[in-house]
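Let me begin by presenting the structure, written as structure tokens, before commenting on it.
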Amino acid sequence: MEINGAAVQKLCRVLLVGEGNFSFSASVCETAGSCTKITATCFQPEEVARQQGEAGRNIQLLLERGAEVYFQVDCTQLKECVALSGRQFDCVVFNFPHCGRKAGVKKNRTLLAKFFLSCAEVLSEDGEVHIALCNGQGGTPADQPMREWHNSWQVVAMAAEAGFILSEICPFDCAKYYSYRSTGYRSQDKSFHVEGALNHIFTRSLPFTSVPAVAVEETLGKHRVCFQIPEELSEYINRGFLGRHSHHPVNLIKEQLLKELSSLVPVQRIEREFPLLFHSSKGLPDWLCDLSNIYWIRPSEVGLTRSEEAGPPGLNPSVQPETEPVTSGEAASNSTGTEEGGKKGYGLRSSLMVHAWDVLQQKGFREETFYTISGPVFKKSPVSRDNLPAFHETLLICGFNPEQRPDYIRVLQRSLERVIPAKLDSSEHLLTFQKLSDAPVLHGISVKQKGDRQVGWMAVIPPGRFHPGLHVCAVTLNLDLLAMLVFGVQDWRMLWSSDPRFLDQFGQTELRPLQSFCLHPPLYQHDVSFWVDPLSFDELGFHSLVRQATAGAVIDVRLVDSFQYPHMPQASRCYRLSYQACDRALSSRKAQELQQRLREQIQQRLQVTLR
């Protein structure tokens, strides 16, 4: 059946609150199936309610059809109603709520907030809350024209106070309910305009929870290394998105890409898992990764394994640590280049290229065959909408004879073009290979779609670095960015969502756009300023702390002010943090709580002076 134009599945128990003349309840009752149980309520006493036009007839119709009708029910205290005590409903409907007379937006926001908190106590786990509002009241982009935020009822923010997210918006089509007549204009038995009205459908969201610390043990050649994952990365570990039977978007993209590539050139998958760690004692080339963006790790324990082979030097990470292992399980707080990296020894891989040497040593290695591995990688980066601290990468690596010059750029371009939806306008979606350097020959792979976004790179490396006699073609592709482009995902954090409504949308083979279940999430901005020593302040460390302290709720951090008095060693920095969730309810109160937690941790862990 439908309520306010929205299809409701498996609907049995419907509660309607704030009814005036009960005309809407009567219309729903007439169109509902036999499995639907209607409970209609109003705020007024029965004698007052029956005085409204046709209310008596509508109440009689409801009772004759087996519906329940109750009076003097306060929608902000549903649990206190004796008739509703201990009951749960699959859908709660509140059409055109209003405090009465000329109540301002603040009073009506309070009404909505209290109503949602009350709903949370009587709504089933998978239930829905339907609120119909006049055009402009809700404060979402669906309103035409859209009011300024401060002049709207801010319905999404009010719902977030009770843990609800806006999952759907549809027009309020009163024509489908032929007996419905709006009433209550300025607390009178008068109709009001419902043209352009919208029905807002809310569902429960997952709560904000802290992810426990993750301890990991890795084997690198002869050594067993125990360490703790940096706190801000805990939720990205052991998710299994690239498993054999996974339907996660990043895996669908990987499988489709390898399928298209294998139709053009030989492809060999390497199924074994590679360690998340690498060792930096031999150094890494500048073109491979920015060492300042690596999460350096201090192992809690390093010991020998029974392995008889430690592996050769070079990029092979299986080497003896040059420094004594420390007992702290925390990630190193600073990462300022090769010297720092050499001292720390171990780091989380920021590219699968750290495993390139191991891939080329596979038994039965064949020339002109692309060997491939995939897995998560990690990069220290500023908090912004475009920076991913963790993502999934695919490495393609191939050895070929220097006398031959296969056009691997064209091969890869054709494979990617088959994966990227052809329905997109070519002027908006163009795959490009931009040459970045000559030694080695390095190309950046970008997709132009409302901007230029690099999704990977391709390098041709001369003999000697990875293979004594062959040129090596190495390609890395960011599967998360490709998935965002193909599936229309606007926020990279959605790819890590634990909400089943995300993953349930994806089948084994179909590449369909994501249908968002969290529409128009509210945005809150808070500033934090403090005094720092400009010579020692670790800005990336500050951004990492923001991610950890706010449970990933901050989508953007911007430096808005910085100054230093003459002859003073300290400098002042002011950052603006934008709080916005992509898959769960973030209330103003919760954002303030997270901001306070961040302020406390900034002072404790960064050793700065808050202003």
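The values are calculated or read from the model by the stated rules, or taken from the named source; none is laboratory data. Because the structure is a prediction, the values reported are computed rather than measured. Don't worry about glycine lacking a Cβ; one is built from the backbone with ideal geometry, like all the others, and counts go over all protein chains shown. Heads up: the accessible areas ignore ligands, DNA and RNA and are worked out on the full protein's heavy atoms, side chains in. Shrake-Rupley method; radii C 1.70, N 1.55, O 1.52, S 1.80 Å.
Pairs to check: K37/K106; K106/K380; K254/K363; K79/K107. Give those whose C-alpha atoms are more than 32 Å from each other in this structure.
From K37/K106; K106/K380; K254/K363; K79/K107, over 32 Å: K37/K106; K106/K380.
Can you compute the FRET efficiency between Y565 and D504 using 1/(1 + (r/R0)^6), with r the Cβ-Cβ distance and R0 = 56 Å? Round to the nearest 0.05.
With a Förster radius of 56 Å, E is 0.50.
Label points 7 Å out from Cα along the Cβ direction at E417 and E368: separation in nm?
Computed distance between label sites E417 and E368 equals 2.3 nm.
Please give the solvent-accessible surface of S536 in Å², to the nearest 10, using a probe radius of 1.4 Å with every protein chain present.
Roll a 1.4 Å probe over it and S536 shows about 80 Å².
For region 214-280, what is the charge dipole size about the Cα centre, in debye to the nearest 20, if Lys and Arg each add +1 at the Cβ and Asp and Glu each add -1 at the Cβ?
340
Give me the extension gain from R465 to C99: residue separation times 0.36 nm, minus the current Cα-Cα distance, reported in nm with one decimal.
Additional length available on full extension: 124.4 nm.
Can you send over the carbon and sulfur percentage of the accessible area for region 36-87, probe radius 1.4 Å, protein chains only?
46
At 0.36 nm per residue, and after removing the present C-alpha to C-alpha distance, how many nm does the segment from R453 to E47 gain when stretched out fully?
139.6 nm
Taking the solvent-accessible surface of protein heavy atoms with a 1.4 Å probe, what is the per residue accessible area of region 201-269 in Å²?
Heavy-atom SASA per residue in region 201-269 reads 46 Å².
Principal axes first, then extents: for the Cα atoms of region 191-274, list largest minus smallest coordinate on each axis, whole Å, largest first.
80, 43, 18
Can you compute the modelled spin-label distance between M146 and K176, with each label point 7 Å from Cα toward Cβ, in nm?
In this crude spin-label approximation the distance works out to 2.5 nm.
Given a Förster radius of 25 Å and the C-beta distance between E600 and E125 as r, what FRET efficiency does 1/(1 + (r/R0)^6) yield to the nearest 0.05?
0.15
Give the ranking of D452, D358 by solvent-accessible surface, highest area first, calculated with a 1.4 Å probe.
Solvent-accessible surface, decreasing: D452, D358.
Between region 133-166 and region 57-71, what is the separation of their alpha carbon centroids in Å?
Taking the Cα centre of region 57-71 as reference, the centre of region 133-166 is 32 Å away.
Ranked highest first by the average count of other Cβ atoms within 10 Å around their residues, in what order do 228-240, 541-553 fall?
With the highest mean Cβ count within 10 Å placed first, the list reads 541-553, 228-240.
On alpha-carbon atoms, Rg over Rh for region 440-576 using Kirkwood Rh?
1.10
How long is the gain from S234 to S262 if the chain were fully straight, where each residue apart is worth 0.36 nm and the alpha carbon distance is subtracted?
6.6 nm
Could you compute how much accessible surface K107 exposes when probed at 1.4 Å, giving the result in Å² to the nearest 10?
It works out to around 130 Å².
Need one value: the accessible area of F365 in square angstrom, 1.4 angstrom probe, rounded to the nearest 10.
For F365, the solvent-accessible surface is approximately 50 Å².
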